[in-house]
């Protein structure tokens, strides 16, 4: 019986190591355990000091205790900031207006996310005449962190490609 219990705990820990910044439902859905089972083992793993959690606006994300970029990963796991970062990867440097137009978000939404990305030092800004130009602060680090949350980044890229092909169909 103890082996079965340890096996469940180990598989949850392994999933978190392989998928940093995962939230409760993602763990539950991917491993096929009940919600109560996942909650129970997450609490045990956190008490044992093997994982830690960071609460964001919408989710409580879990990380292996050695994870150093948990704040960055929790932001990159959200669609809008991840889309901004992915846009900057492709169109660096860009103005505020370019980003808003490129990803289809309002200027105020972009401003809110940019403040957060600046505070986390994911992006940097420079002034070019009357425009503020944004770029990635450390592209290698950003790409590495995007790789850590590859499932959500991959889904975002697939959706972006679908939008591009839809635009061609409309013409």
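Bear in mind that the values in this text are calculations on the coordinates, not laboratory data. If you're wondering where the values come from, they're calculated on a predicted model, not measured in any experiment. Using ideal geometry, Cβ is built from the backbone for each residue, glycine included, and neighbour counts are taken over all protein chains shown.
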(request) Run the numbers on the stretch 1-127 and let me know its relative contact order in percent, using alpha-carbon pairs under 8 Å that are six or more apart. (result) 18
(request) Can you put 133, 85 in order of Cβ neighbours within 10 angstrom, beginning with the fewest? (result) 133, 85
(request) Could you tell me the distance between the Cα centroids of the stretch 126-143 and the stretch 101-124, to the nearest Å? (result) 11
(message) Over all directions, the average projected area of the alpha-carbon convex hull for the stretch 1-145 comes to how many nm²?
(response) 9.6
(message) If I model a spin label as a point 7 Å beyond the Cα along the Cα-Cβ vector, how far apart are those points for residue 92 and residue 79 in nm?
(response) 2.5
(message) At 0.36 nm per residue, and after removing the present C-alpha to C-alpha distance, how many nm does the segment from residue 54 to residue 139 gain when stretched out fully?
(response) 28.2 nm
(message) Over the stretch 2-67, what portion of Cα pair distances is larger than 13 Å, expressed as a whole percent?
(response) 59
(message) Could you tell me the relative contact order of the stretch 2-67? Use alpha-carbon pairs under 8 Å, at least six residues apart, and round to a whole percent.
(response) 36
